[in-house]
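**Student:** Got a structure here, written out as C-alpha cells. Questions coming.
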Amino acid sequence: MSAVLREEPSVQTAADSPATDPESGAEESAGGFRLALDNFNGPFDVLLHLITKRELDITEVALAEVTDEFIAYLRELQARSLYEGDDGMKVLDETTEFLVVASTLLDLKAARLLPRGEMADEEDFELLEARDLLFARLLQYKAFKTAAEFLGGRYESEGARKPREVALEPQFAALLPELVFNISAQRFAQIAAAALEPKPEPQTEVGLGHLHGANVTIAAEAEAIAGMLREHGAMDFTALVADAQLHLVVVVRFLALLEMFRQKVIVFEQQHPLGDLQISLAGESDFDAEAVQDDYDASEGEGDHE
C-alpha cells in the first residue's frame, strides 16, 4: 500500500517534463489550468499522474506556488466568464478539480516529509487508509469527468443531425404487399357515418321505477294501534311495534300515534319519572281511521306549502 511512496522517483525538469501522458489519456484542453514550475511544465492533473508513476518527486513540488498560480488563473477565468456572460459552471468545475488534486498532493507530500517509524498503533494504518481512499476518490472523479466530457461531446455532435423526411424509395415501395379491399366505398361511408354520429349523453340519474315500497299507510297503522289497545288496554310503544317486520312500519306507526294523540283519540300517561309512556284509548273506543289519514295528509301539505 505504501510502496509507491517509499521508492525514490526520478525528478523531471521543466525542459523534459511531458505536458501530457499518452498512456494515461490525461490530455487537457489548451484552456485548462497549466503550471510552469522549475521542475514541471504542463497541465495540472498530469502533475499528480507523474507523481504516482514515480516520475516526479512530490517533495520537490512547491504546493504554495501551485496554489498561487491557480488563484491567479481562477481570477482570470472568473473575469472572462463575467465578460462572456457564462453561468460560472466552468469556474466551479475547475475549482472542484483543483481541490481534489491539491488535497491528494498535500496528503502525499505530508506522508513523505513526516518521519516514518514503525506503525505501532492503528492510527498509522488509519492515516494510510485515508490517503488511499482520497486517491481512489480522485480516480473516481477523473473517471466521471472523462465520461461527462465524452457524453457532452456526443450530445453536441449528434445534436446537429436531422432525420431525413422523404417518401419511401421506389425499390422499397415495390416490396409492400398490395392492399385488397373486401368492402365497397358505400360500406366505408356507412362506417364513417356511424363513427362520426354524435353519441347520446350517458344517463346521470338513476331511475326508481324498479323499486317497490311496502304499502304502509297512516290509516292502516292507526287501525292496528286501536285494535291492540282495545284488546290489551294500556301499552307502551315497544309493545305496540313488537310485531313490526320493517323499519318503515315502525316509523309510520309512530306517526299514526302522534296523529291519534293530536285528535285526542289516545292519551299518554307516565306513572313515574323517566318511565315508559303508557298509551291507552280515550273515552270513546270508536274513531275514523281515514280521518286520521286525511288530517295527516293535510298537515303534510301545509308543511310543504310553507
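**Student:** Please go through region 112-166 and give me each residue that is in contact with a helix residue (DSSP H, G or I) (Cβ under 8 Å, 6 or more places away or on another chain) and either closer than 19 Å to Thr96 by Cα or at pLDDT 80 or above (or both), ordered by number.
**Tutor:** Arg131, Leu134, Phe135, Arg137, Leu138, Tyr141, Lys142, Lys145
**Student:** Please identify the pairs in which a residue from region 240-265 that is free of Cβ contacts under 8 Å to residues at least 40 places away in the same chain has its Cβ atom under 9 Å from the Cβ atom of a residue that is of a type in the set (Lys, Arg) and surrounded by 13 or more Cβ atoms within 10 Å (Cβ to Cβ), counting only partners at least 6 apart or on another chain.
**Tutor:** Leu240/Arg253; Val241/Arg253; Ala244/Arg253
**Student:** Moving on to the next point. In this structure, does Arg164 turn out to be of a type in the set (Lys, Arg), loosely packed, with under 10 Cβ neighbours inside 10 Å and outside the structural domain of Ile279 (by TED's automatic domain parsing)?
**Tutor:** yes
**Student:** Does region 268-289 include one or more residues that are among the hydrophobic types (A, V, I, L, M, F, W, C), in a loop (DSSP other than H, G, I, E, B), at pLDDT below 85 and surrounded by fewer than 16 Cβ atoms within 10 Å (Cβ to Cβ)? Lay out the reasoning, then the answer.
**Tutor:** Taking region 268-289 first, the residues among the hydrophobic types (A, V, I, L, M, F, W, C) are 268, 274, 277, 279, 281-282, 287, 289.
Next cut, in a loop (DSSP other than H, G, I, E, B) only: 274, 277, 282, 287.
Checking which are at pLDDT below 85 leaves us with 274, 282, 287.
Imposing the further condition that a residue be surrounded by fewer than 16 Cβ atoms within 10 Å (Cβ to Cβ) reduces the set to 274, 282.
Looking through region 268-289, at least one residue is among the hydrophobic types (A, V, I, L, M, F, W, C), in a loop (DSSP other than H, G, I, E, B), at pLDDT below 85 and surrounded by fewer than 16 Cβ atoms within 10 Å (Cβ to Cβ).
**Student:** Would you list the helices (runs of 4 or more DSSP H) that sit entirely within region 162-252 and hold 2 or more residues that are under 30 Å from Leu281 (Cβ atoms) and acidic (Asp, Glu)?
**Tutor:** Filter on region 162-252 gives 218-232.
**Student:** Name the residue that is modelled with the highest pLDDT, counting only residues in region 186-205 that are surrounded by fewer than 10 Cβ atoms within 10 Å (Cβ to Cβ) and polar (S, T, N, Q).
**Tutor:** Of the residues in region 186-205, the ones surrounded by fewer than 10 Cβ atoms within 10 Å (Cβ to Cβ) are 186, 193-205.
Those left that are additionally polar (S, T, N, Q): 186, 203-204.
On the way: Gln186: 89, Gln203: 74, Thr204: 76.
Per the criteria, the residue is Gln186.
**Student:** Filter region 60-75 down to residues that are in a helix (DSSP H, G or I) and surrounded by 12 or more Cβ atoms within 10 Å (Cβ to Cβ), then give me how many there are. Walk me through it before giving the result.
**Tutor:** At the first step, the residues of region 60-75 found to be in a helix (DSSP H, G or I) are 60, 63-75.
Still in the list and also surrounded by 12 or more Cβ atoms within 10 Å (Cβ to Cβ): 60, 63, 65-67, 69-70, 73-74.
Qualifying residue count for the region: 9.
The values are calculated or read from the model by the stated rules, or taken from the named source; none is laboratory data. For clarity, every value in this text was computed on a predicted model and none was experimentally measured. Cβ: placed from backbone, ideal geometry, glycine included. Neighbour counts: every protein chain shown.
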